[in-house]
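Quick note: the coordinates plus some simple rules give every number you see, no bench work behind them. Computed from a predicted model, the values in this text were never measured in an experiment. Glycine also receives a Cβ, built like all others from the backbone with ideal geometry; neighbour counts cover every protein chain displayed.
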Amino acid sequence: MFSTVTLTLSLSIRSIIRAKRCFQHSNPVHAAMHKRLISAFVQNDRYIIVREEDDDDGGDDENGNAMKFPDVWLRDNCRCPQCFHQSSQSRRIDWDKFDIKVKVQDISTDKLEKSIKVKWSDQHSSTYDLEWLRERDFNATRRNKYLTEFYRPKPVHWQKSDFNKVTNVFKFDDVINNDNELKKWLESLAVYGVAIIEESPLQKDVVRRLAERIGFIRKTTYGEEFIVQSKPGAKNYAYLSHPLPLHTDLPYYEYKPSVNILHCMVQSVSKGGSNTLVDAFYIADQMKLNYPNHFKVLTETIVDWNDIGSEDGKSFHNIWRSPVICLDKEGNYTRINHSIPQRDSHFSTDIENVIPWYEAYSKFVQLAREEAAEFKTKPGDVLTFNNIRLLHGRTGYDDTEENIRYVVGAYLDWDIIYSKLRILKSKSGC
Ligand SMILES: [Zn+2]
């Protein structure tokens, strides 16, 4: 692998630069006297190889330690002002005239070893910075590093017994005032899907202040901030506020809100009223491992999710059709849908899929129940979790006038969170 360290080293040692245009597996001739050689040449007519090698490598490991770029990709990504608009950081190359069969006519490395120059068959000339190229190397390790360190942190799935270990706790003032704490909170959310912010003021604007620290609240049919409370029981008449079974919020939205932030302002003093949380990605792992047929059914059978009602005098009827476990083309989990109340009686699937689906779903529900971590937030705590991945619920509690629970919630979207995380990472240089 190339690295910044290697580049620094190569620049600090006086080395010989050679540039060579050669075709069909040609090997550059070694004329070097020094430790580092950098060469660029065309291979198999369509690929540009950029190689750094030690003098004593002997040149036998052709392309083993080299970067390889398709010619059309390089031409498409020319950084000159004509092809790329610097201030908006966007491509401005004229694709109506773009030749996808463009060829290299000449290639060289510049005298300071920092860039590769290419003259193209369309008479255009391009210069590519070595470090810029390195960051875009098609090598699998480099791509994976970019995907997990910059695009999106890699999730770590957890089981019930790991809940306390994975749930990082932050202080409200730190998250509001310190960019590094903000970054750590968002990273925790991305990796584990859960984090708690404590010592927040008992004010209704806490969720808004947190959301606006990142971007903005994701609005839904139910507005921006929402209140979660049970109607207090009649005086001297205690009744149990029913448990809220595990679920994801708003499965009936194609663009499901990504992250819940729930600010506990008043907590029930009864034994109940605990939050429950499950990493449904872990449940999916268990299903895949131990019940592969059920897993397949839950990833393939499309379920109808719905929500009918009215808010502020406006009626709505939301429907989204999607499996319980959604996968991308690489088999990664992209979204979990689960809500008993908001599963439609319309089940728009072939009839032979229905009974196997119930069998699979009941196993999923059972495993989720077994893996639910239980904890109780206290006033001032803000529970934040990934609504795409985690299931949440609440145990029942005695609801009387003296025993109420008052939570202010809001949603955020991952697009906005990941964007903020990248900005913070770029700023801090890590
Ligand atoms: Zn250009």
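Label-to-label distance for Asp415 and Asn177 is 3.4 nm, based on points extended 7 Å past Cα in the beta-carbon direction.
Compared with the dominant principal axis of the Cα atoms in the chain, helix 414-428 is inclined by about 50°. The chymotrypsin sites (Phe, Trp or Tyr not before Pro) found in the stretch 113-196 that occupy coil by DSSP, while having at most 12 further C-beta atoms within 10 Å, are Phe138.
The mean sequence separation of alpha-carbon pairs under 8 Å and at least six residues apart, normalised by the residue count of the chain, gives a relative contact order of 18 percent. Within the set Lys68/Lys256; Lys68/Lys145; Lys296/Lys420, which residue pairs have Cα atoms separated by over 29 Å? Table pairs above 29 Å Cα-Cα are Lys68/Lys256; Lys296/Lys420.
Would you please give the FRET efficiency between Asp45 and Glu131, computed as 1/(1 + (r/R0)^6) with r the Cβ-Cβ distance and R0 = 30 Å, to the nearest 0.05? Each step should come with its number before you reach the end.
Values: r = 27 Å, r/R0 = 0.90.
Given R0 = 30 Å and the Cβ-Cβ separation, E is 0.65.
Residue-wise HN-Hα couplings along the stretch 168-183, as the Karplus relation 6.51 cos²θ - 1.76 cosθ + 1.60 with θ = phi - 60° gives them from phi, are 6, 10, 10, 9, 3, 4, 5, 5, 6, 9, 10, 4, 5, 5, 4, 4 Hz; Gly and Pro carry x. Taking Cα atoms only, the orientation of helix 354-370 departs from the longest principal axis of the chain by about 80 degrees. Of all lysines in the structure, the ones whose alpha carbon falls short of 21 Å from that of Lys378, not counting any fewer than 8 places away in one chain, are Lys160, Lys165, Lys171, Lys204, Lys231, Lys271. Of the GluC sites (Glu not before Pro) in the stretch 331-411, the ones in a loop by DSSP (not H, G, I, E or B) with at most 16 other beta carbons within 10 Å are Glu401, Glu402. Distance distribution P(r), the stretch 82-135, all Cα-Cα pairs, bin width 5 angstrom from 0: 5, 17, 20, 26, 21, 10, 1, 0 percent. Can you compute the FRET efficiency between Arg422 and Ser87 using 1/(1 + (r/R0)^6), with r the Cβ-Cβ distance and R0 = 22 Å? Round to the nearest 0.05. Between Arg422 and Ser87 the formula returns 0.70.
Mean 1/r over all different Cα pairs, inverted: what Kirkwood radius does the stretch 151-299 give, in Å? Spell out each step's value before the answer.
Numbers: mean 1/r = 0.0552 Å⁻¹.
About 18.1 Å for the stretch 151-299.
Here the sum of -39500 (n - 2.57) over DSSP H runs of 4 or more residues, divided by the residues of the chain, equals -7500 deg cm²/dmol at 222 nm, to the nearest 500.
Between helix 280-290 and the chain there is an angle of about 80 degrees, using the helix long axis and the longest principal axis of the Cα atoms. For the chain, the alpha carbon convex hull comes to 211 Å³ per residue, rounded to a whole number.
Loop-located trypsin sites (Lys or Arg not before Pro) in the stretch 258-302 (DSSP state other than H, G, I, E, B) with a sparse environment of at most 12 neighbouring Cβ atoms within 10 Å: Lys271.
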